[in-house]
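Working notes, structure below.
We did not get these values from a lab; they are worked out from the coordinates using the rules stated. Quick caveat, the model's predicted, so the values are computed rather than measured. Quick reminder, even Gly has a Cβ in these numbers, built from the backbone with ideal geometry, and neighbours come from all protein chains shown.
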Amino acid sequence: MIHFSSKYRSTQPEIMDEFDLKGEEMKKVLTDLKSVNKWLGGNNVTLDGIKELLPQSPSNKAITVIMDVGCGDGEMLRACARYAKKNNYYFKLIGLDANSFILEEAKQRSKNFSNIEYHTLDVFSEETMYPEVDIILCTLFLHHFSTEKIIDYLKKIVPETNYGVVVNDLHRSWLAFQLFRLVSKFILKTKTARYDGLVSVARGFKKKELIEISEKIKSKNYSLKWKWAFRYQLIFKNK
């Protein structure tokens, strides 16, 4: 039973948070997630945030380092690579995830992208050190964690970037919850993806919650926008 509350973020765990999903079942779930994200235009929310942080005109072969935390199978990074090629940017793309099985699949799916690299890493470890990075992406990542943990993590990573951080995450909405329940029956093949999708919505955010989080980061420059379909784009700018 999946519990939804308009007042509080759910604390129910997602199946994929257990880090032991692997093999053909994992591949099917990742393909399901890619399909629903593409159908709902989710990657565009992150790409639009990157565009807002990038210099208006690309410098001559200047390399922009972009790191995606909780990168999963790397679909967001591949979208970044395609965008860079199309618009004459030079990106070095780094994917971090704690699930080594998923990263092996990410490497396979990204074998034609020479500017993408992956590292198995617990990003919440106190020992974690980041390379010099221009932009950090948190795409459908932060909702997996408690609000307190999110605040602590953003306080750590926002100052680490040259340009800023792009957060793309879910709007906790009863309408979104019911629409996903209905639509997922037709477009998702795996029970895991259907279950985790509903839990994700229940773990999502209200606007006022993201404002409270942003205020506690004490970043001087941030923007928060609602995006279709039931997403929030939160950008912390360092320039």
Candidate aspartates and glutamates - alpha carbon under 12 Å from Lys27, same-chain residues fewer than 8 apart omitted: Asp73, Glu104, Glu105
Relative contact order for segment 23-120, counting Cα pairs under 8 Å that sit 6 or more residues apart, in percent: 26
The chain: relative contact order in percent, alpha carbon pairs under 8 Å with at least 6 residues between: 26
Residues Val158, Val166 arranged by fewest to most Cβ contacts within 10 Å: Val158, Val166
Antiparallel DSSP beta bridges within the chain, as percent of all bridges there, nearest 5: 35
³J(HN,Hα), Karplus 6.51/-1.76/1.60, whole Hz, each residue of segment 145-153, x for Gly, Pro: 10, 5, 4, 4, 5, 4, 4, 4, 5
Within-15-Å neighbourhood charge of His3 [Cβ basis; K, R +1; D, E -1]: +3
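Which of Phe4, Phe186 has the fewest other C-beta atoms within 10 Å, and how do the rest follow up to the most?
Phe186, Phe4
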Trypsin sites (Lys or Arg not before Pro) within segment 153-214, DSSP loop, no more than 15 other Cβ atoms inside 10 Å: Lys189
Ratio of Rg to Rh over the chain (Cα coordinates, Kirkwood Rh, two decimals): 0.94
Selected from Ser223, Ser100, Ser200 as most flexible by GNM, with the chain as the system and alpha-carbon contacts under 10 Å: Ser223
Fewest-first sequence of Thr190, Thr31, Thr11 by Cβ atoms within 10 Å of each Cβ: Thr11, Thr31, Thr190
Members of Lys92/Lys189; Lys38/Lys227; Lys28/Lys207; Lys34/Lys227 lying beyond 25 Å, as alpha-carbon distances in this model show: Lys92/Lys189; Lys28/Lys207
